[in-house]
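Each remark here refers to the structure printed beneath this line.
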Amino acid sequence: MESPAPQKKSKLTVYIVIALFIGIAMGFALNKSYVAEENQKLASLNLVIEKIQKEINLATDSSAIKLLEEEKKALNKERNATLSARDNKVEPFSILADIFLRLIKMIVAPLVFTTLVVGVAKLGDINSVGRIGGKTLLWFISASLTSLLLGMILVNLFEPGIAMQLPVPDAGEDIGIAHNGLSLKEFLYHVFPSSVVEAMSRNEILQIVVFSLFFGVATAAIGEQGKIVIKALDAVAHVILKVTGYVMNLAPIAVFGAMTAIIAKQGLSILKTYSIFISEFYFGLLLLWAVLSFAGYVVIGKRILHLLKRVKEPILLAFSTSSSEAAFPKTMEELQKFGCKDKIVSFVLPLGYSFNLDGSMMYMTFAALFIAQSYGIHLPFATQISMLLVLMLTSKGIAGVPRASLVVIAGTLATFNIPEAGLALLLGIDPLLDMGRSATNVVGNSVATAVVSKWENALEEPTANS
């Protein structure tokens, strides 16, 4: 596999960092001028809506309550119209990021299929697939539980929601986020595809993985004819990685667009308003990085530092675009350069994107308990452990769902009788938190791939141009 020269690689990283800061500056300028009118209107509408909600909570006369609710409904409608107007103004910038992400998604499904089939076929037999799969899932489950538990410990230690002191809202209040049901049937339907073409069109990574495992094992089982298929798919994988190189050149433009749109809409003031929650969550992510790095150090030794240095570009890309998926092709390439055999990388990494989203895991317990604290709802330790286990199960295989973490949290809050309307507290800052979650997911999957490679004696020396 061809690799770009080190100079080119470092230049792309530099361009992404430059684009990140230019985007922040441009977003700040637009926030203070181009969309200032909409932002001011939204701020005043939010204050009025909050005041009316307090009056509704205190009112006793049903006719007065009805009038207030109608007034609130009209104001919410005006607020949504203002939000839409603001979104339209910054749309040219968000389109830059959207086009890049669409191009990446165009690559992901065929890349996962081709590399995973080749990887499984090269493993040789179903016993090898089962052995490596068992080791991989053991690491994923351990990392997921660690992430969830760390989030639970930190949110109980910091208690970021206590200061909010919010009244419990109406049970029927809708915040526009779908629920992720706990139905076993729905979960299994999400895992096993009825059509691989549909799974690829919707980028359902887990379903593609399931089909690829069957296809890869069958390809290895048919002998000489299978070798022709493996050779063809290996060539296709190389072509797709070449396409990835072309798409990656657009990354700085995408980063600029994404950051400009976020800061223009939210402004730097959002950092001040939620500074305590954001800083505590990012401290938790750094702590999780340390835990994952230490676990990696126990298995692969000092090479863990080289690994983190190797994947800094995918980490930065995931952070800037708030998308772990955007970093997937580049992460795969860097792990192979690091010394992980392609058959392990192509097996472990796609599974990781469904089963090992460590940053998202930690956020789920952190956010769910933050919302409970905000409403003054005390959850006993046993209940928190139950929540942790529910999140562990319901979060698997939803990597392709938009705003996946919020969807899972909404379903979990309903299960434990915590007002789902509390998610509204996080909607404004979710893009900022998603950046950290996405970067952490890349770290977790990179460490997992290196560890499984070591366990399988498939971790070689870095390539010459690393």
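Where a number appears in this text, it was derived from the coordinates with a stated rule and is not lab data. If you're wondering where the values come from, they're calculated on a predicted model, not measured in any experiment. Virtual Cβ from ideal backbone geometry, glycine too; neighbours counted across all protein chains shown.
The string of couplings for segment 231-243 from the Karplus curve (6.51, -1.76, 1.60, θ = phi - 60°) is 4, 5, 5, 5, 5, 4, 4, 5, 5, 5, 5, 5, 4 Hz, one whole number per residue in order, with x for Gly and Pro.
What the phi angles of segment 61-69 give under the Karplus curve with 6.51, -1.76 and 1.60, with θ = phi - 60°, is a coupling list of 7, 5, 5, 5, 4, 4, 4, 5, 5 Hz, glycine and proline written as x.
In this rough spin-label picture, where each label sits 7 Å from Cα along the Cβ direction, the VAL298-ILE228 distance is 4.9 nm. The distance separating the Cα centre of segment 348-369 from that of segment 281-331 comes to 13 Å. Measuring between alpha carbons in the structure, the pairs from LYS231/LYS312; LYS242/LYS343; LYS312/LYS337; LYS105/LYS135; LYS32/LYS54; LYS51/LYS73 lying more than 24 angstrom apart are LYS231/LYS312; LYS105/LYS135; LYS32/LYS54.
Calculated FRET efficiency, LYS32 to LEU138, Cβ-Cβ distance, R0 = 51 Å: about 0.50 to the nearest 0.05.
Maximal additional length on extending the ALA235-ALA25 stretch stands at 71.3 nm, based on 0.36 nm per residue less the C-alpha distance. Listed by chain and number, the aspartates and glutamates whose alpha-carbon sits under 12 Å from that of LYS41, ignoring those within fewer than 8 places in the same chain, are GLU78. Mean sequence separation of contacting Cα pairs (under 8 Å, at least six apart), scaled by the length of the chain, corresponds to a relative contact order of 30 percent.
Against the chain, whose longest principal axis comes from its Cα atoms, helix 430-455 is set at around 20 degrees. Highest average first, the peptides 225-235, 197-207 ordered by how many other beta carbon atoms sit within 10 Å of their residues are 197-207, 225-235. For LYS66, the aspartates and glutamates whose Cα falls under 17 Å of its own Cα, not counting residues fewer than eight places away in the same chain, are GLU50, GLU55, ASP170, GLU173.
To test your reading of the geometry: what angle, between 0 and 90 degrees and rounded to tens, separates the Cα axis of helix 251-266 from the longest principal axis of the chain? On a 0 to 90 degree scale, this one is about 10. Residues whose amide H lies under 5 Å from that of CYS340, counting only those 5 or more places away or on a different chain, are GLU460; hydrogens are built 1.01 Å from N in the peptide plane. Ranking of ARG79, ARG86, ARG310 by neighbouring Cβ atoms within 10 Å, starting from the fewest: ARG79, ARG86, ARG310.
Of the peptides 430-443, 98-111, the order by per-residue mean of other Cβ atoms within 10 Å, starting with the highest, comes out as 430-443, 98-111. For segment 50-110 versus segment 132-154, the spacing of their alpha-carbon centroids is 35 Å.
What's the FRET efficiency of VAL197 with LEU83 using the Cβ-Cβ distance as r and R₀ = 35 Å, to the nearest 0.05? Please list the in-between numbers first.
Numbers: r = 36 Å, r/R0 = 1.03.
Efficiency for this residue pair is about 0.45.
Dividing the summed -39500 (n - 2.57) terms of all DSSP H runs of n ≥ 4 by the residue count of the chain sets its mean residue ellipticity at 222 nm at -26500 deg cm²/dmol. Per-residue extension of 0.36 nm, minus the Cα-Cα distance of LEU47 and SER386, leaves a gain of 118.4 nm for this segment. Axis of helix 6-32 versus longest Cα principal axis of the chain: the two differ by about 10°, to the nearest ten degrees.
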